[in-house]
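Asker: The structure under discussion is supplied below as structure tokens; questions concerning it will follow.
The values are calculated or read from the model by the stated rules, or taken from the named source; none is laboratory data. What you are looking at is a predicted structure, and each value in this text was computed from that prediction instead of being measured. Methodologically, a virtual Cβ is constructed for each residue, glycine included, from the backbone with ideal geometry; neighbour enumeration extends over all protein chains shown.
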Amino acid sequence: MSENDVFIDASSSPEPESEQSVVDESVIEVSEEDVNNDGIVDTIVTVLSDGSATLVTDVDGDTVADTMLFDLNGDGTADIQVVRSGDNYLVAVDDDGDGQFVESEQVVLTRDELAELNPDIVAALDTVLDEPVLTPDESGKIEVATEEDWDWFQQAENGHCVPASVAQIVEVYTGIDFPDESAFVELAEEKGLAAGDDIENGMYAEDAQKLLVLCGIPAELEYGDMQSLAETIDDGRGVMVFVDSGEYWSPTSEQGEDNAADHAVVVTAIDLERGVVFLSDPGHPDGEQMQVPLDQFEDAWADSDFQMVVCDQPVPTDVEEDATVLESRLGATNDAAPATSASEDGNVPTRVQAVAENPMESAVAWLTERPWVLLPVVLPVAAAASTPLFNRTKAGR
């Protein structure tokens with residue numbers, strides 16, 4: 001077993017504290033902007049508690065910062081400008097406060113000279129600006145689905161955190177109500193995905209991904225970071241992460257830092273303004289939309305080397321219609337169009353038009369986009385099969 005493997009076993013997890021952690025107030029505000037509206041962050045603005053600010057931006061569009069502005073007195077006007085030009089840096093000061101920099105008064109410095117004066121400026125102008133712009137709502141929140149779409153429940157036993165998390169992801173993708181994780185526990189044990197063939201021993205991270213795929217939801221096990229997690233959430237894709245639960249369940253009473261992940265949870269949203277992550281945590285009695293400060297969550301997630309199972313596709317917006325449409329597509333004939341509700345103008349909805357011409361091809365194409373629709377068939381059939389589907393490589397504690 002390698003040191004980076006992650007084994008999820010809640011049996012050694014600490015008991016959760018009743019009160020959730022308080023979000024720390026930051027004295028620094030950092031915002032990322034897309035000034036040219038191309039969908040990529042090109043400017044980073046940092047505001048300090050004394051009102052001063054810096055702006056780092058990519059003017060020439062090569063995805064590397066080339067200009068840095070300093071507003072020293074917080075009046076909204078730049079006082080110092082540093083521009084990277086080839087191997088040199090052009091430094092200018094606005095003496096009269098009009099925001100204008102006179103080219104003839106610029107000082108040319110080499111990289112070494114500027115680094116000696118202020119290495120942080122050199123580092124800032126080496127910043128790569130190529131991240132997609134996040135699209136939070138008016139409150140500053142990005143989310144996979146609305147809070148109402150998630151149906152949280154507390155896992156029945158220690159070691160059930162992965163099946164319980166999978167159940168909640170499957171439900172938000174399919175609209176099928178799972179009151180508990182029992183169907184997924186049975187499937188995991190039948191397919192040899194439980195550690196020691198007993199789910200109470202927990203599951204490994206790689207087997208969590210396999211369980212989700214068995215349920216018809218394509219997903220990958222990845223190593224991420226806070227940026228990639230935020231992008232995944234902003235894309236509307238389901239994501240399960242592996243954490244050290246003691247870091248946020250009971251941070252004041254955890255017996256030292258063990259640097260070991262022991263739990264799986266679903267990340268449902270991130271509030272960028274307030275700096276909190278929303279979790280659907282099946283192991284905590286207050287785990288429904290549980291709010292954890294970003295830095296505390298990041299510490300907990302770091303103990304798995306930032307492993308996460310990420311769904312390939314966004315949560316569908318038409319979950320309740322899927323089963324009906326599938327039935328229509330499979331039941332259509334060349335002589336008759338599938339039964340479906342007409343729109344207000346009397347036309348058949350675009351998504352089911354022309355199905356009658358080739359119903360099987362249409363159904364296959366539609367199912368390729370929505371494999372989770374077959375979940376009611378997949379669960380009992382997969383559980384009944386006895387041949388292992390995967391060679392297992394253990395990951396984690």
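Residue-wise test of (1) closer than 23 Å to Leu221 by Cβ; (2) touching a Ser or Thr at 6+ places or on another chain (Cβ under 9 Å); (3) in the same structural domain as Glu206 (by TED's automatic domain parsing).
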{"position": "Asn259", "(1), (2), (3)": "yes, no, yes"}
{"position": "Val266", "(1), (2), (3)": "yes, yes, yes"}
{"position": "Val276", "(1), (2), (3)": "no, no, yes"}
{"position": "Phe297", "(1), (2), (3)": "yes, no, yes"}
{"position": "Ala302", "(1), (2), (3)": "yes, no, yes"}
{"position": "Asp305", "(1), (2), (3)": "yes, no, yes"}
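Asker: Among the residues of segment 5-31 satisfying the criterion of being in contact with a strand residue (DSSP E or B) (Cβ under 7 Å, 6 or more places away or on another chain) and surrounded by fewer than 16 Cβ atoms within 10 Å (Cβ to Cβ), which is modelled with the lowest pLDDT?
Answerer: Asp24
Asker: Applying the selection to segment 73-87, what residues are of a type in the set (A, V, I, L, M) and under 36 Å from the mean Cα position of the chain (by Cα)?
Answerer: Hits for segment 73-87 are Ala78, Val82, Val83.
Asker: Something else about it: Take the residues in segment 143-189 that are in contact with a His (Cβ under 8 Å, 6 or more places away or on another chain) and assigned to a loop (DSSP other than H, G, I, E, B); name whichever of them is surrounded by the most Cβ atoms within 10 Å (Cβ to Cβ).
Answerer: Restricting to residues being in contact with a His (Cβ under 8 Å, 6 or more places away or on another chain) and assigned to a loop (DSSP other than H, G, I, E, B), the top hit is Glu181.
Asker: Just to be sure I understand, how many residues within segment 26-43 are of a type outside the set (A, V, I, L, M, F, W, C) and in a strand (DSSP E or B)?
Answerer: Total satisfying the criteria: 5.
Asker: Could you please let me know if Phe178 is more than 20 Å from Val64 (Cβ to Cβ), out of contact with any Phe, Trp or Tyr (no Cβ under 7 Å at 6 or more places or on another chain) and not assigned by TED's automatic domain parsing to the domain that holds Thr63?
Answerer: Spelling it out, Phe178 is indeed more than 20 Å from Val64 (Cβ to Cβ), out of contact with any Phe, Trp or Tyr (no Cβ under 7 Å at 6 or more places or on another chain) and not assigned by TED's automatic domain parsing to the domain that holds Thr63.
Asker: If we keep just the residues of segment 190-214 that are on the phi > 0 side of the Ramachandran plot and in contact with an Asp or Glu (Cβ under 8 Å, 6 or more places away or on another chain), which is surrounded by the fewest Cβ atoms within 10 Å (Cβ to Cβ)?
Answerer: Here the answer is Asp197.
Asker: Could you please tell me which pairs satisfy a Cβ distance under 9 Å, a separation of 6+ or placement on different chains, a first residue in segment 161-172 that is over 16 Å from Glu189 (Cα atoms) and touching a residue at least 60 places away in the same chain (Cβ under 8 Å), and a second residue that is part of a helix (DSSP H, G or I) and among the acidic types (Asp, Glu)?
Answerer: Val172/Asp149
Asker: Taking into account only those residues within segment 93-104 that are more than 11 Å from Gln81 (Cβ to Cβ) and over 45 Å from the mean Cα position of the chain (by Cα), which is surrounded by the most Cβ atoms within 10 Å (Cβ to Cβ)?
Answerer: Asp95
Asker: Let me ask something else about it. In segment 264-317, how many are buried (at least 17 other Cβ atoms within 10 Å of the Cβ), assigned to a strand (DSSP E or B) and in contact with a Pro (Cβ under 9 Å, 6 or more places away or on another chain)?
Answerer: The number of residues fulfilling the criteria is 9.
Asker: Still on this structure: Hey, does segment 193-204 have a residue that's of a type in the set (Gly, Ala, Ser), outside any helix (DSSP H, G or I) and closer than 18 Å to Thr268 by Cβ?
Answerer: Within segment 193-204 (the criterion being of a type in the set (Gly, Ala, Ser), outside any helix (DSSP H, G or I) and closer than 18 Å to Thr268 by Cβ), the answer is no, since none of the residues qualifies.
Asker: From the list Asp149, Asp198, Asp120, exactly one residue is of a type outside the set (A, V, I, L, M) and outside the structural domain of Asp235 (by TED's automatic domain parsing). Which is it?
Answerer: After applying the criteria, what remains is Asp120.
Asker: Is it the case that Ile217 is touching a residue at least 24 places away in the same chain (Cβ under 8 Å), part of a loop (DSSP other than H, G, I, E, B) and within 18 Å of the chain's Cα centre (by Cα)?
Answerer: yes
Asker: Identify, from the list Ile233, Ile217, the residue that is crowded, with 18+ Cβ neighbours inside 10 Å and over 18 Å from Val276 (Cα atoms).
Answerer: Ile217
Asker: Determine if segment 208-220 includes at least one residue that is out of contact with any Gly (no Cβ under 6 Å at 6 or more places or on another chain), in the same structural domain as Asp303 (by TED's automatic domain parsing) and over 19 Å from Val170 (Cα atoms).
Answerer: no
Asker: Show the residue pairs meeting these rules: Cβ distance below 6 Å; 6+ apart or different chains; first residue within segment 37-49 and within 17 Å of Val59 (Cα to Cα) and modelled with pLDDT of 85 or more; second residue of a type in the set (D, E, K, R) and assigned to a strand (DSSP E or B).
Answerer: Sorted first by the residue in segment 37-49, then by its partner, the pairs are Thr43/Glu33; Ile44/Glu32.
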